[in-house]
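Coordinate-derived values only; no laboratory data. In this text, all values refer to a predicted model and were calculated from it rather than measured experimentally. Backbone-built Cβ (ideal geometry, glycine too); neighbour counts: all protein chains shown.
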Amino acid sequence: MSKTKIAPSLLAADFGNLQRDIEMVNKSDADWHHIDIMDGVFVPNISYGMPVVKTIAEHATKPLDVHLMIVDPDRYIKTFAELGATHLTVHYEACTHLHRTIQAIKAEGMKAGVALNPHTNVNLLKNVIKDIDIALIMSVNPGFGGQSFIENTYEKVYNLKELIKESDASTLIEVDGGVNSKNAKALIKAGADILVAGSFIFKTEDPIKTIQELKKSTDRWSIFEL
């Protein structure tokens with residue numbers, strides 16, 4: 001059976017019915033709730049802050065996968081741990097002392113992730129690959145949902161998987177941006193372990209069915225490969 005995880009991005013949820021959408025993810029075959037935090041500085045958009053994350057945590061029954069697209073993320077590591085984040089991902093491009101940031105995340109009892117923008121080379125993670133639990137590949141330019149998938153993502157995922165193997169690391173690869181049923185199988189084949197999908201899930205008539213079909217498509221691929 002596939003170990004591929006599906007993490008619906010709540011940035012694409014209906015904020016007027018946020019509790020309903022959180023409960024939908026709870027009932028679905030999805031594995032995590034993906035939460036994008038944007039500050040309007042690191043990326044050209046603002047998403048939501050601590051009160052909304054607190055509300056999400058109150059209703060979520062699955063792990064909270066928090067992705068910080070902000071400058072100076074160290075300021076909020078403890079806060080997100082207190083809010084209930086189980087995984088906390090920071091951007092390579094936003095951290096002056098990345099190793100220190102990773103250690104601070106782990107010290108708060110969370111899994112540590114590092115995200116890379118589309119232009120950032122995966123080899124820059126070589127010196128920390130054994131220290132992180134998740135490496136997140138942005139397959140769109142961060143800041144807005146609903147963007148088109150960047151095609152060279154497959155090669156980046158493949159190269160990152162090779163780095164993980166060469167380093168004898170257990171890091172999981174997460175892909176975020178423009179993920180859908182058309183590219184999911186190729187991403188899994190390239191080496192992805194976690195797929196983040198937003199608009200593809202929440203903009204459909206039956207999100208639970210969409211999640212189920214996305215999960216099944218990755219399951220069938222993994223079984224076929226075995």
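Here is the size of the chain from its Cα atoms: Rg then Dmax, 16.2, 46 Å. In terms of other Cβ atoms within 10 Å, L160, L88 run from fewest to most in the order L160, L88. At what distance in angstrom do the alpha carbon centres of the range 59-129 and the range 145-222 lie from each other? First find each Cα centre; the distance between them is then 19 Å.
How high is the relative contact order of the range 5-225, in percent, counting Cα pairs under 8 Å that sit 6 or more residues apart? List each step's numbers first, then the result.
On the way: 433 pairs, mean separation 44.5, N = 221.
Normalised by residue count, the contact order of the range 5-225 is 20 percent.
Under the classification rounded if a/c is under 1.5, otherwise prolate if a/b is larger than b/c and oblate if not, where does the range 1-58 fall, given a ≥ b ≥ c as square roots of the Cα gyration tensor eigenvalues? It is oblate, given that a/c is not under 1.5 and a/b is not larger than b/c.
Scaled against the 2.2 N^0.38 Å expected of a compact globular protein of N residues, the Cα radius of gyration of the range 79-171 reads 1.10.
Size descriptors for the range 125-178 (Cα atoms only): Rg and Dmax, in that order, 12.0, 35 Å.
Before anything else, pin down the relative contact order of the range 49-177: Cα pairs under 8 Å, at least 6 apart, normalised by residue count, whole percent. Could the numbers behind the result be given before it?
On the way: 201 pairs, mean separation 25.6, N = 129.
Averaging sequence separation for qualifying contacts and normalising by length gives 20 percent for the range 49-177.
Is the shape of the range 36-134 rounded, prolate or oblate, going by the alpha carbon gyration tensor and its root eigenvalues a ≥ b ≥ c, with a/c under 1.5 for rounded and a/b larger than b/c for prolate? Please list the in-between numbers first.
Numbers: a/c = 1.90, a/b = 1.33, b/c = 1.43.
In terms of gyration-tensor shape, oblate.
Think of the chain as having a plus end and a minus end, set by charges on the Cβ of Lys, Arg, Asp and Glu; of N117, M24, G143, M24 sits farthest toward the positive end of this dipole.
Run the dipole for the range 5-225 about the Cα centre, Lys and Arg Cβ at +1, Asp and Glu Cβ at -1, nothing else charged, and hand back the magnitude in debye, nearest 20.
Details: 23 positive and 29 negative charges, 52 e Å.
I would put it at about 260 debye.
Beta bridges from DSSP with both residues in the chain: antiparallel share about 5 percent, rounded to the nearest 5.
If R0 is 41 Å, the Cβ-Cβ spacing of K78 and I208 corresponds to a FRET efficiency of close to 0.75.
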